[in-house]
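Data first, discussion second: the structure below is written as structure tokens.
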Amino acid sequence: MSPFEPRVALASLSGEADAEWARAGAPYVGGAFLGGIALDEGTRSAARTMVDRDRTEFLPADPVAFIDDQLDALADVDIVPGFNVRTATLDPLARAATVCESHDAIIEINAHCRQNEMCTAGAGESLMRDGDRLCEQVQTASEAGATVSVKLRTEVSGVDLPALAPRLAAAGADMLHVDAMDSESVIGSITDTTSVPVIANNEVRDRDSVEEYLSYGAAAVSVGRPSDDPRVLERVRTATEEWFAAQEV
């Protein structure tokens with residue numbers, strides 16, 4: 001089952017996906033993943049370096065307080081919020097997860113970012129290559145009481161996502177948010193190995209893209225770069241609702 005209805009989410013866009021962005025997209029989606037945001041000094045230093053080369057990043061003085069404020073700003077919005085976080089250490093993750101739990105929000109562990117600075121800091125995609133560390137992060141967030149999503153990507157050298165998925169579920173992941181890149185069929189391989197909901201991401205734009213992902217067993221889809229375009233969001237929501245309605249006939 002999807003963690004939200006309709007089964008469409010807004011996917012995080014670093015430095016852009018804030019409460020105002022989620023509020024604007026709320027008429028079309030059931031969930032919104034804000035962030036990502038760097039939590040510990042290593043990832044914050046990486047984010048500052050990325051900003052220096054013209055990347056957009058959230059860099060508030062207190063990232064956990066920022067999460068709290070942003071989620072509080074969505075208290076009156078009919079949407080399931082989530083917050084995508086990047087960290088190499090566990091204490092700030094536990095604090096962020098506690099804040100998310102207090103808002104009935106999802107915490108999303110970012111094992112997706114492929115920027116060199118973030119991977120060198122021990123976060124993002126580097127976590128996919130070290131399943132033990134990633135599972136430790138999942139367990140830490142889960143033990144804080146939060147609903148846990150893990151943002152992943154396909155086509156990472158040396159990483160077997162269908163094999164990693166059940167390990168993450170056993171560690172406490174409640175959902176997997178998978179950027180399929182150019183390997184859409186991997187969604188089906190992942191849904192074959194785990195019962196936790198899979199949210200499919202990458203080039204979700206129209207009926208064809210929605211139906212392809214849902215046919216592979218995805219429980220929901222998410223929209224990334226065009227998440228501020230109501231025309232795209234309306235198309236995706238309509239296609240998603242019609243797909244699931246047809247399955248019930």
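The values are calculated or read from the model by the stated rules, or taken from the named source; none is laboratory data. Since this is a predicted model, take the numbers as computed values, not measurements. Positions of Cβ are generated from backbone atoms using ideal geometry, with glycine treated the same way; all protein chains shown enter the neighbour counts.
Checking each residue in the range 169-194 for being modelled with pLDDT of 95 or more and more than 18 Å from Ala11 (Cβ to Cβ) picks out Ala169, Ala170, Ala171, Gly172, Gly188, Ser189, Thr191, Asp192, Thr193, Thr194. Sub-6 Å Cβ pairs linking a first residue in the range 73-100 that is in contact (Cβ under 8 Å) with a residue 60 or more places away in the chain and in a loop (DSSP other than H, G, I, E, B) to a second residue that is small (Gly, Ala, Ser) and surrounded by 24 or more Cβ atoms within 10 Å (Cβ to Cβ), at least 6 apart or interchain, are Ile79/Ala32, ordered by first then second residue. Determine whether the range 130-150 contains at least one residue that is more than 27 Å from Ile190 (Cβ to Cβ), touching an Asp or Glu at 6+ places or on another chain (Cβ under 9 Å), at pLDDT 95 or above and not in a helix (DSSP H, G or I). Taking every residue of the range 130-150 in turn, none turns out to be more than 27 Å from Ile190 (Cβ to Cβ), touching an Asp or Glu at 6+ places or on another chain (Cβ under 9 Å), at pLDDT 95 or above and not in a helix (DSSP H, G or I).
Can you find, within the range 218-237, the residue that is modelled with the lowest pLDDT among those that are closer than 22 Å to Thr191 by Cα and under 16 Å from the mean Cα position of the chain (by Cα)? Looking at residues that are closer than 22 Å to Thr191 by Cα and under 16 Å from the mean Cα position of the chain (by Cα), I get Gly224. Checking Glu234, Glu241, Glu211, Glu143 one by one, the residue that is touching a residue at least 12 places away in the same chain (Cβ under 8 Å), surrounded by fewer than 19 Cβ atoms within 10 Å (Cβ to Cβ), under 20 Å from Ile109 (Cβ atoms) and not basic (Lys, Arg) is Glu143 and no other. Applying the criterion of being in contact with an Asp or Glu (Cβ under 7 Å, 6 or more places away or on another chain) and without any contact (Cβ under 8 Å) to a residue 60 or more places away in the chain to the residues of the range 183-207, the residue that is surrounded by the fewest Cβ atoms within 10 Å (Cβ to Cβ) is Ser183.
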